[in-house]
Each structure stands twice: as C-alpha cells, then as structure tokens.
1. Restricting the search to segment 169-199, which residues are of a type in the set (Gly, Ala, Ser) and under 16 Å from SER141 (Cβ atoms)?
2. Return the only residue of GLY31, GLY37, GLY41 being open to solvent by 60 Å² or more (accessible area, probe 1.4 Å) and either within 15 Å of ligand 1 (Cβ to nearest atom) or not in a helix (DSSP H, G or I) (or both).
3. Please count how many residues of segment 1-28 are away from ligand 2 (no atom under 16 Å from the Cβ), in contact with a helix residue (DSSP H, G or I) (Cβ under 7 Å, 6 or more places away or on another chain) and open to solvent by 30 Å² or more (accessible area, probe 1.4 Å).
4. Suppose we filter ILE228, ILE245, ILE196 for residues that are at pLDDT below 95 and not small (Gly, Ala, Ser); which single one remains?
5. Pairs only if they're at least six apart or on different chains, beta carbon under 8 angstrom, first in segment 71-94 and β-branched (Val, Ile, Thr) and modelled with pLDDT of 95 or more, second open to solvent by less than 70 Å² (accessible area, probe 1.4 Å) and within 16 Å of ligand 3 (Cβ to nearest atom); list them, first residue then second.
6. Can you name every residue in segment 53-73 that is open to solvent by 70 Å² or more (accessible area, probe 1.4 Å), within 16 Å of ligand 2 (Cβ to nearest atom) and in a helix (DSSP H, G or I)?
7. Filter segment 81-120 for residues that are hydrophobic (A, V, I, L, M, F, W, C), within 11 Å of LEU138 (Cβ to Cβ) and open to solvent by 60 Å² or more (accessible area, probe 1.4 Å) and give the result.
8. What are the pairs with Cβ atoms under 7 angstrom where one residue, in segment 17-45, is closer than 16 Å to ALA137 by Cβ and among the charged types (D, E, K, R) and the other, located anywhere, is open to solvent by 40 Å² or more (accessible area, probe 1.4 Å) and more than 6 Å from ligand 1 (Cβ to nearest atom)? Sequence gap at least six, or different chains.
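The values are calculated or read from the model by the stated rules, or taken from the named source; none is laboratory data. Since this is a predicted model, take the numbers as computed values, not measurements. With ideal geometry, Cβ positions are generated from the backbone for all residues, glycine too; neighbour counts draw on all protein chains shown. What goes into the accessible areas is simple: the full protein's heavy atoms, side chains included, and nothing from ligands, DNA or RNA. Shrake-Rupley method; radii C 1.70, N 1.55, O 1.52, S 1.80 Å.
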Amino acid sequence: MSYKNQIQHNRIPRHVAIIMDGNGRWAKRQGLARMFGHRQGVETVHTITEAAAALGIEYLTLYAFSTENWNRPKEEVDALMSLLVDTIAKETPTLMKNNVRLSTIGDLSRLPAAAQQKFRACMEETNSNTGLNLVIALSYSARWEIIQATKNIALAVQQGAMLVEDINEELISSYMTTAQMPDPDLLIRTSGELRISNFLLWQLAYSELYFTDCLWPEFTEEEFYHAIVDYQHRERRFGKTSEQIR
Ligand code: IPE
Ligand code: IPE
Ligand code: MG
C-alpha cells in the first residue's frame, strides 16, 4: 500500500520543518556542478509545498540558507541568490493557485536588494491566502535568533517595559522569529546527515525527528508521506508516562 493511503487525516502534523540537504552531492553523483543540484532542489520545493497544502498542513518551514552558508565559495552564494530571485518570481502563481501564504525568518538584511524586494512583493501578494503558511528560513540560524531575542528582552527590561520575573517560556517564544507559529511537530532532514545544523534550536525541543538518506533533489511526495506516516506512529509523551497520555 502506498504511504499516501496510510495517512490518518485526523492526525496531520500542524507544523512540519525540513532541512533540505544533499543538493551538492546529488549533482556530483550525476557528474554535474553543484548548482544543478540546487536547481533540481527547487523542483522538490514546488512538489512538497503542493503536497503539504493538499494535506492541510498549517505551517511548512524550509531551511533554504543558513547563516553559516554565507561562508561557502562566493560563486555558489551568488548563484544561490540569483536562483532565489528567479524562483520567487516564477513560483508566485503556484502559491496563489494553492492558497499558500509566504513568509520568511532570518536576517533578510544580508540578502542582495533584488532578493529582498522579490520576497517582499511575494509576501504582499500572498498575504491574504488562508491555506498553508510557507516559511522560508533564509540567512537564518537558531543562535542568531536567540541572540536577537535576548537583546530585545534585555532592552525591554532595561527600559522598564518588563520585569525579570516576567521572563518565562511563553515570553521567550514570543520574541523568536516564529512567534506566531506553533512549534514544529515533525522535523525532516534529507541526505543522511544526523544533525540539526543550527536550525530552530528553541522550537524543536519536543519535535519528532525523521532522517532519511534520500537527497533533497530526489525527495518525492511518497517520501514525504512516508515521513508523515512514520510521525503518526510515534507516541509523543512530552515527559509523561505512556499510561498518562492514553
Ligand atoms: C542543501 O544542499 C542546500 C543548501 C545548504 C543551500 P547542500 O548544498 O548542502 O548539498 P550537500 O550537502 O553539499 O550535498
Ligand atoms: C543545513 O545544511 C542548512 C540548509 C539546508 C540550508 P548544510 O549542508 O549547510 O549543513 P552542514 O554544513 O552539513 O551541517
Ligand atoms: Mg549540505
């Protein structure tokens, strides 16, 4: 039976986060330059966004470019930035068709002006869509985010807008870039790497983790459904005993 048919539609994760990894290795395997892998990876983004929207997932957060990725060779960074610009323009109609609302998390100010502008335009155009929230993590790292949140909280205390005693989990969450979003229920990482690579460290505290050897450019809808079916067979205990949550 296909994984699609095994999905329980009353238990769809609200928020799925994905570390889209393995573009370079996929290209290398075909004897191609790394950029071919990134271009093929965009096709996977298209497929998985449509699949997530159709399933009724509320939030899909995709790790597209990390703070650390700025340290890659300049040619690759430049090529990735122009790929971003082309992709946003090309994919906006798909987002409209699927009722998807686009947003971003990360330090967008580091992106070239053209990329910032394209993202702003797409966010505006998709702003009143009511289906899937597609969140692209760009120039994002969790430690960067935690530093920003800490500075802003410290500033609020310093200015007398809040007391040290007011600092709790809820308040810290509200200072994160994901303030309006539930924490991820499921984190998927492709390409066989078993690490978090500075993604959503605060928010992943109780997420279910799913790792697959599949490289991102070859990740299919069926692979995505497999991850969801796997998630649906987990018992999320949040520190309690199995008996308590039954
Ligand atoms: C993920 O693929 C995409 C980005 C980080 C931009 P990689 O480019 O990391 O591909 P590998 O891991 O080298 O195969
Ligand atoms: C993580 O992938 C970042 C993104 C997918 C955007 P990397 O390829 O940069 O991670 P490491 O270097 O293998 O940890
Ligand atoms: Mg990688």
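1. SER197
2. Every option except GLY31 fails the conditions.
3. 7
4. When all the criteria are applied, what remains is ILE245.
5. Pairs that qualify, where the first residue is β-branched (Val, Ile, Thr) and modelled with pLDDT of 95 or more and the partner is open to solvent by less than 70 Å² (accessible area, probe 1.4 Å) and within 16 Å of ligand 3 (Cβ to nearest atom), are VAL77/ASN69; VAL77/TRP70; THR87/VAL42; THR87/VAL45.
6. GLU68, ASN71
7. none
8. Going by the 7 Å Cβ cut-off, the qualifying pairs are ASP21/GLU193.
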